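J.: I'd like to ask some things about the structure below.
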Amino acid sequence: WLGSVKSNIGHAQAAAGVAGVIKMVMALRCGVLPRSLHVEVPSSKVEWGSVRVLTQARAWPVADRPRRAAVSSFGVSGTNAHLILEQAEPEPLRRDPVDAGVLPYPLSARNDVGVREQARRLREHLKRHPEADLGDVSHSLATTRTMFPHRAVLVAADRDELDELLGACAVGEPRGAVVTGKAISTGRPVWVFPGQGSQWVGMAVELVGSSPVFAERLGECADALAPLVEWSLVDVLGDEVALSRVDVV
């Protein structure tokens, strides 16, 4: 029980530490010193000197050196972490559009009409923002957007070609540099029991008894594992000793 409590506390501390890092990154970016959330009256037991506890947010003035901040996370389990963050050098804004070469521009939606609408919206967006970097646009479309089943990929070498392809895609006109289709997934959901710990003992036992389909699939897995291991998949589900072994887990 104590181990589980320490584990949970450790996760909470880790989350708090990450939150502190995010908070200070945003403070560096926005030029604001955030107020302390939990201290209103500084302790009289500390010789504060020139250090101040912020009870209100205040501007972080620009100086002749980068802004810096220290983040410390202290864990009751004994894990302490400290790091220093430094303001990054601002990247110069490129006012003149720079063609990034031949790049793919993926679009997706729940149906074909949605794909065409995405093409129309992206075309209008690029017209309103001619300073947009095409490399950033391609990367963002591929890594930051949900991929729906109906898709189109436009391959363009420059801004003018991309504009033409987006216009064609928006009205459903075929182009050699526009590939359209629907993603087909043959994957099926699986049950995964990751990690070690006494909390896994008995997991899925009730499901085996209540779901014939699950019990049948579990039996198939047990048969597949039988030639490779010295234990039974079905038997170890309720065996605390077995589940403490790395090879079983």
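J.: List the residues whose amide H sits under 5 Å from the amide H of G238, counting only those 5 or more places along or on another chain, with H placed 1.01 Å from N in the peptide plane.
T.: Amide H neighbours of G238: G202.
J.: Let me ask something else. Show me, for the stretch 63-74, the HN-Hα J-couplings you get by feeding each phi into the Karplus relation (A = 6.51, B = -1.76, C = 1.60, θ = phi - 60°), rounded to Hz, glycine and proline as x.
T.: Whole-Hz 3J(HN,Hα) from phi for the stretch 63-74: 10, 8, 8, x, 5, 9, 8, 9, 10, 10, 10, 10.
J.: Starting from the Cα gyration tensor of the stretch 144-185, multiply each eigenvalue by 5, take the square root, and state the resulting semi-axes largest first in whole Å. Before the final figure, lay out each step's value.
T.: Numbers: eigenvalues 80, 29, 15 Å².
Rounded to whole Å, the semi-axes are 20, 12, 9.
J.: Something else about it: What's the ranking of 230-237, 119-126 by average number of surrounding C-beta atoms within 10 Å, highest first?
T.: Values: 230-237: 14.4, 119-126: 16.6.
Taking the mean over residues of other Cβ atoms within 10 Å, the ranking is 119-126, 230-237.
J.: Hey, got the dipole for the stretch 155-242? About the Cα centre, +1 on K and R Cβ, -1 on D and E Cβ, debye to the nearest 20? Each step should come with its number before you reach the end.
T.: On the way: 5 positive and 14 negative charges, 39 e Å.
So the dipole magnitude of the stretch 155-242 works out to roughly 180 debye.
J.: Can you pull the percent of Cα pairs in the stretch 106-249 with separation above 26 Å? Could you put the intermediate results ahead of the total?
T.: Values: 5220 of 10296 pairs.
In whole percent, the long-distance tail amounts to 51.
J.: Over the stretch 160-249, what is the mean sequence separation of C-alpha contacts under 8 Å (at least six apart), divided by residue count, expressed as relative contact order in percent?
T.: Details: 53 pairs, mean separation 25.3, N = 90.
Rounded, it is 28 percent for the stretch 160-249.
J.: Another question about this same structure. Leaving out ligands, DNA and RNA but keeping every protein chain, what accessible area does K127 have, in Å² rounded to the nearest 10, with a 1.4 Å probe?
T.: 110 Å²
J.: Going by average Cβ density within 10 Å per residue, which order do the peptides 169-177, 142-150 take, highest to lowest? Could you put the intermediate results ahead of the total?
T.: Values: 169-177: 13.7, 142-150: 11.9.
By packing density, highest mean first, the sequence is 169-177, 142-150.
J.: Still on this model: ³J(HN,Hα) across the stretch 124-130 via Karplus (A = 6.51, B = -1.76, C = 1.60, θ = phi - 60°), whole Hz, x for Gly/Pro?
T.: 5, 4, 5, 5, 6, 10, x
J.: What are the chymotrypsin sites (Phe, Trp or Tyr not before Pro) within the stretch 119-216 that DSSP puts in a loop, where the Cβ has at most 14 other Cβ atoms within 10 Å? Each step should come with its number before you reach the end.
T.: Working: sites: W191, W200, F214; in loops: W191.
When the chymotrypsin sites (Phe, Trp or Tyr not before Pro) of the stretch 119-216 are filtered for loop state and at most 14 Cβ neighbours within 10 Å, W191 remain.
The values are calculated or read from the model by the stated rules, or taken from the named source; none is laboratory data. From a predicted model like this one, the values you see are computed outputs, not experimental measurements. Positions of Cβ are generated from backbone atoms using ideal geometry, with glycine treated the same way; all protein chains shown enter the neighbour counts. With ligands, DNA and RNA removed, areas are computed over all heavy atoms of the protein, side chains included. Shrake-Rupley method; radii C 1.70, N 1.55, O 1.52, S 1.80 Å.
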